[in-house]
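A short write-up of the structure that comes next.
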Amino acid sequence: MQTQYDLQYVRDQFPNIGDLAFFENAGGTYVPSTVSDRIYDYMRRYQVQPGASYSASAEAMERINRSHRQLAEMINAKPSEVIVGHSTTMNVYVLANALKPSLKPGDEIVVTNLDHEANVGSWRRLAESGIVIKEWKINPGTADLGGPQELAKLLTDRTRLVCCTWCSNITGTINDIQAITELAHSAGALVCADAVAYAPHRALDFENSNVDFLLFSLYKLYGPHLGVLCGKRNILLNLENQNHFFFTQSALPQKLQPGGYLHETAASIEGIVEYFDQVFSHHYKESDASISARYAKVFQLFTQHEDEVARPFMEFLNSKSNVRVIGIPEIDHTRRVSTISFTVERQRHSDIAAKLGEQNIGIGVGDFYARRCIDALNLHPGGVVRVSMVHYNSEQEVARLIKALDEVL
């Protein structure tokens, strides 16, 4: 029997949810009380340097370590494979510098012009050291990368790394990262997959994805402002230390965490896992499922709900002759997530957002740091209007959005 999704229960877990119809979730999601309460509690009780022998310090360290272990278990990774940093952009910068000594002039790295700049800029800077940067180009007609067959044209025996987004933060299109990884590995290249725009909508499984490096941002996964880099342990061990000189080659994750992280936010990561557990327990009777299994099953519920609330909005956009949907113009959970970008003829996108804002409806406008994608699709000036829905958005909120946008268009 199919489980009935209890949207009201879910919404009750988020203290931010109120009169604002919030559709800029791709820029950062709300956090449940399980996360915000942990930050507050940590700062009240454990605002000390963690890791010492006195009780407050020892308990602080245990909270941070427990969060780290649970995050790793949730995404099916080893704790030593999970590096928590300040942001995804910073994590890629650190990773690129850690990989740099193993590369030599003439080696090739493939990047795309579909990605958020976080997974592009630091790799492109390696050209200053003689690394050849190849661009896997977006198809302007379909607003996608054309599949692994297009990547195959770029691969050579000098290709060392393929950097690709799992899901575009502009088009919402899901790339076949498993096929991309298999192809890259067959050419002897590593894969760095950016799952920042994917993780709010689909469960991650690091081990079974087989990517070598996986990126995502916790503040877009119902958590604090932190970025996560996962890497296969055998590869991470060979990377150059990017922290203080006294960290050894085997010091994981510390050697890839220059500057550390905010302790109170790191300790709150456990609250993300607890939230997914609460949703699971509310909907299912199983009590012996693993953290990763509960997380995966909850996201099946989320995906179905997101498709249901996004479908009428996509149908509305398709009914407007002056609106162009960027990417796949239909809701299909196998091909896209519920992040929907569009353009409107003869209207300033910023004006549209402002008018909706007057009705307490939040949407996004711009390039969202995927400027190469916007340029490739010739969407300047103004970029796109972006509406991004997640599992706590309601049909009533979408109806408000459609009504307000219909008046503007």
Notebook entry, point to check: Kirkwood Rh, Cα Rg: Rg to Rh for the chain?
Noted result: 0.97
Next item on the list: Give me the distance in nm between label points sitting 7 Å out from Cα along the Cα-to-Cβ direction at HIS282 and ARG348, one decimal.
Entry: 4.2
Checklist line | Loop chymotrypsin sites (Phe, Trp or Tyr not before Pro), the stretch 367-409, which have at most 15 other Cβ atoms in a 10 Å radius of their Cβ (DSSP) | finding: none
Margin query: Using a 7 Å offset from Cα along Cα-Cβ at ASN322, what residues in the stretch 339-357 end up with backbone N under 11 Å from the label point?
Written below: 344-348
Notebook entry, point to check: If contacts are Cα pairs under 8 angstrom and at least 6 residues apart, what is the relative contact order of the stretch 37-271 in percent?
Noted result: 26
Check: Top mean-square fluctuation among ILE331, ILE272, ILE17, Gaussian network model of the chain, C-alpha springs under 10 Å?
Finding: ILE17
Check: Cα centroids of the stretch 38-89 and the stretch 16-30: how far apart, whole angstrom?
Finding: 26
Margin query: So for each of 49-55, 320-326 I average, over its residues, the number of other beta carbons within 10 Å; can you give me the resulting order with the highest mean first?
Written below: 320-326, 49-55
Next item on the list: Would you be so kind as to identify which of LEU154, LEU95, LEU183 lies farthest towards the positive end of the dipole of the stretch 37-271, taking Lys and Arg as +1 and Asp and Glu as -1 on Cβ and the Cα centre as origin?
Entry: LEU95
Notebook entry, point to check: Which entries of LYS320/LYS355; LYS232/LYS255; LYS320/LYS403; LYS220/LYS255; LYS232/LYS297; LYS220/LYS297 show an alpha-carbon separation above 21 angstrom in the structure shown?
Noted result: LYS220/LYS255; LYS232/LYS297
Check: So how far, in whole Å, is the C-alpha centre of the stretch 195-259 from the one of the stretch 330-366?
Finding: 31
Check: Could you give the dipole magnitude of the chain about its Cα centre, charging the beta-carbon of Lys and Arg +1 and that of Asp and Glu -1, in debye to the nearest 20?
Finding: 860
Check: Which of the lysines could a cross-linker span from LYS134 if the Cα-Cα distance has to be under 18 Å and same-chain partners fewer than 8 positions apart are dropped?
Finding: LYS100, LYS104, LYS153
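All of the numbers you see were taken from the coordinates with simple rules; none came from a lab. Because the structure is predicted, anything quoted here is derived from the model rather than measured. Glycine also receives a Cβ, built like all others from the backbone with ideal geometry; neighbour counts cover every protein chain displayed.
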